[in-house]
Amino acid sequence: MRALWRLCSVQGAWNYERMTGIGMGHAAEPLLEDLKSADPGRHAEAAVRASEYFNSHPYLAGLALGALVRAEYDLVPGAQISRLRAALTSPLGALGDQFFWAGVVPAAMGLAILGVVGGYGLLATVLVLVLYNAGRLLTGIWALRTGLASGMKVGAALGDSWLPRAVTPAGLLAGLVIGLAVPLGADWLLDPLGRRAAIVTVLTALAGLVASWRLGPRITAVKFGLVAIGLALILAWGLP
């Protein structure tokens, strides 16, 4: 359980690749305690390997962590463990981005917007946050346990798991929810403004154009969506 909570170090440092490696080492330490007494030399090497560079999706880092720790106990050669660590970077990153960033997160945001539009406000927002973080925690538990059980065969275990099959449904759900939330949210936000709604809409669209021109790929649809909502609220409050 301590290892699971320490994975928060990985998730909290996901924008900083070198820090993610340190977070992996921090999370691996309680899992390697038995190895320390059984083989101190191997433990020292394992601790160093656990903190090496690692850049992948933070919510699925437990798969790599568990697999690498299991490989250490199975006395797999260190070079082979390092290759496994490098090989897991891309598939975990791709699956995590598709499932969470392109699926679960937009769907959760859309549900929160629909809840606000429906009149539930704070209750809807809190409920979505609780459900999202509960799902993230359960995914972390599954990932760590799967990695520990699979070891060097973690790639096959990942391929046979629920995660690859959940990517497409998550994306479809996000599309459906966002498709409902955007027009309903816009109508709810702009309806009290009357004719001012047209001004707010045009100015927000121009702000999006300027942001895309000046910031390029640094501004994502999700980030701009949040900024646009805030900008629309400010303009609506400030216009006569």
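Before moving on, here are some points about what is shown:
- In order through region 97-104: 3J(HN,Hα) via Karplus (6.51 cos²θ - 1.76 cosθ + 1.60), integer Hz, x for Gly, Pro: 4, 5, 6, 8, 5, 9, x, 5
- Each Cα pair under 8 Å and six or more residues apart adds its sequence gap; the mean of these over the residue count of region 98-172 is a relative contact order of 53 percent.
Quick note: the coordinates plus some simple rules give every number you see, no bench work behind them. Computed from a predicted structure; not experimentally measured.
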